[in-house]
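The values are calculated or read from the model by the stated rules, or taken from the named source; none is laboratory data. The model shown is predicted, which means the values in this text are computed figures rather than measured ones. Neighbour counts run over all protein chains shown; Cβ positions are idealised from the backbone, glycine included.
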């Protein structure tokens, strides 16, 4: 979970620091787990399967939250190319990939909201709750079908969230493009291409500024729904 979850997987945190955080997290949750009386497997095969289960659950918890942050980046990519910002890319310190500047802006806002609602605390709580809710994993067909179903839900939700966040700007840019096309037909002597790029950028940032409270609200609700989805996944972990 520390290697793939947002905030914890950031390149700003060195690998040694993440190992220290994981070590102290283990110390904190071990007494509560030890009181539940778990029986350790008495053979190497069962112990290996138990390790694989914990790795799978940790990766899955981090992956489900990472998908929401990918939706924030995707929302910026939807209209970055249309306003001429597609060529302007920066390195995302969380995902270590190049993304448009607008996508990075929304990604940083989402990270601040993630910290404001104590999402980093929830990730540790999810790891603790996984010992109570998730049964022992078995490498079977129903288990793989369940994991793939949860992944398909996450990806479909990613596109829905991205569309909700980018729709005001995308729709406005589309109307501006249509208006500039009509203006170019009515006044061919005007250089609409040179006029259109700064006008689209100005209008897009004005709409982005006006819809900023709505975007923050959508991010907040999306992260909370992602946390609830993780809880449901642990409750119905395929076995």
_Please go through (1) touching a residue at least 40 places away in the same chain (Cβ under 8 Å); (2) touching a helix residue (DSSP H, G or I) at 6+ places or on another chain (Cβ under 7 Å) for residue 203 and return the number of the only condition it doesn't satisfy._
(1)
*Condition met for residue 123 (surrounded by 16 or more Cβ atoms within 10 Å (Cβ to Cβ) and modelled with pLDDT of 85 or more)*: yes
*Filter result (surrounded by fewer than 11 Cβ atoms within 10 Å (Cβ to Cβ) and over 25 Å from residue 115 (Cα atoms)) within segment 1-37*: 31, 34, 35, 36, 37
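Looking only at segment 1-18, count every residue that is in contact (Cβ under 8 Å) with a residue 12 or more places away in the chain and part of a helix (DSSP H, G or I) and tell me the total.
Taking segment 1-18 as the starting set, the residues that turn out to be in contact (Cβ under 8 Å) with a residue 12 or more places away in the chain are 1-12, 18.
Still in the running and part of a helix (DSSP H, G or I): 18.
So the count comes out to 1.
Can you tell me how many residues within segment 38-53 are touching a residue at least 60 places away in the same chain (Cβ under 8 Å) and either surrounded by 14 or more Cβ atoms within 10 Å (Cβ to Cβ) or not in a helix (DSSP H, G or I) (or both)? Even if it seems obvious, please write down each step before you answer.
Within segment 38-53, the subset touching a residue at least 60 places away in the same chain (Cβ under 8 Å) is 38, 49-50, 52-53.
Checking which are either surrounded by 14 or more Cβ atoms within 10 Å (Cβ to Cβ) or not in a helix (DSSP H, G or I) (or both) leaves us with 38, 49-50, 53.
Number of matching residues: 4.
Test residue 32 against the criterion of being in a helix (DSSP H, G or I) and under 28 Å from residue 65 (Cα atoms), and give yes or no.
Values: in a helix (DSSP H, G or I): yes; under 28 Å from residue 65 (Cα atoms): yes.
It is true that residue 32 is in a helix (DSSP H, G or I) and under 28 Å from residue 65 (Cα atoms).
With the structure loaded, tell me whether residue 159 is surrounded by fewer than 15 Cβ atoms within 10 Å (Cβ to Cβ), out of contact with any strand residue (DSSP E or B) (no Cβ under 9 Å at 6 or more places or on another chain) and touching a residue at least 12 places away in the same chain (Cβ under 8 Å) or whether it fails that test.
Values: surrounded by fewer than 15 Cβ atoms within 10 Å (Cβ to Cβ): yes; out of contact with any strand residue (DSSP E or B) (no Cβ under 9 Å at 6 or more places or on another chain): yes; touching a residue at least 12 places away in the same chain (Cβ under 8 Å): yes.
Here the answer is yes, as residue 159 does meet what is asked.
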*Kindly list, by first and then second residue, each pair from a residue in segment 169-188 that is at negative phi to a residue that is loosely packed, with under 11 Cβ neighbours inside 10 Å and part of a helix (DSSP H, G or I), limited to pairs with Cβ atoms under 9 Å and residues at least 6 apart or on different chains.*
180/193; 184/193
*in a loop (DSSP other than H, G, I, E, B), under 26 Å from residue 149 (Cα atoms), modelled with pLDDT of 80 or more and within 21 Å of the chain's Cα centre (by Cα) - does that describe any residue in segment 57-75?*
no
